[in-house]
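Working notes, structure below.
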Amino acid sequence: MKNLKSITFVAYLFSILFIMSCGDAAKKDMKDANENLKEANTDLKEAAVDANDAAKLKAKSDWQSFKMESDSEIVAIQKQTTIVKEKIEKANKKEKVKLTADLKNVEQKLDVQKQKLQEKNTEFEAGIDKLDASVETKNESFKREFKHDMDELGSAVKDLFKDNVK
């Protein structure tokens, strides 16, 4: 009987130790899993920052390219207006008045476009740190509208003499 009690006691003791060791292993596994989760979160945050930086860099590059193209278009239209002014000087008095008014209108629209571009550039430079999808959408919309308006101005300058010279 004493032997049976000893065996039961030893079995009970081993059971408790086994359960406790399993609990320690589970705790260690849980701790490892938490560390892995923290590392994964850190990696994810770094990847998000890298992606955001890449998006900002691309947006900045696209904007600079657009601005350079737009500035070139503005300069080209200004050269065309200079040529038109020379042609207006050679026109008769009646046509000169109308053409001068039309040219002045085009020059005013060109000044408005230059101002819009400058304001948008300032806004873009100030807001590049807060770049998100809505800003990208607004920029693309502005680019399309600006390009359309510049194309119309270019056509307007070219068409100044078409109606008057026969």
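Each value in this text was obtained by applying a stated rule to the coordinates, not by laboratory testing. In this text, all values refer to a predicted model and were calculated from it rather than measured experimentally. Every residue, glycine among them, receives a Cβ derived from its backbone with ideal geometry; neighbour counts consider all protein chains shown.
Relative intensity of the range 87-136 on a log10 scale, I(q)/I(0) at q = 0.12 Å⁻¹, equals -0.48, per a Debye sum over C-alpha point scatterers of equal strength in the absence of solvent. If R0 is taken as 25 Å, the Cβ-Cβ distance between GLN78 and ILE128 corresponds to a FRET efficiency of 0.30. With just the Cα atoms defining each centre, how far is the range 77-110 from the range 128-148? Give it in Å. A separation of 33 Å, based on Cα centres.
If the segment from ASP111 to ASN41 were pulled out straight at 0.36 nm per residue, it would be longer than the present Cα-Cα gap by 20.1 nm. Our estimate of slack between GLU95 and LEU57, defined as 0.36 nm per intervening residue step minus the Cα-Cα distance, is 8.6 nm. Working note: Karplus 6.51/-1.76/1.60 with θ = phi - 60° gives the range 120-129 the couplings 5, 5, 4, 4, 5, 4, 6, x, 5, 6 Hz, where Gly and Pro are set to x.
Rounded to the nearest whole Hz, the Karplus-based 3J(HN,Hα) values (6.51 cos²θ - 1.76 cosθ + 1.60, θ = phi - 60°) of the range 146-154 follow the sequence 4, 4, 4, 5, 5, 4, 5, 5, x, with x at glycine and proline. Pairwise inverse Cα distances across the range 77-166, averaged and inverted, put the Kirkwood hydrodynamic radius at 15.0 Å.
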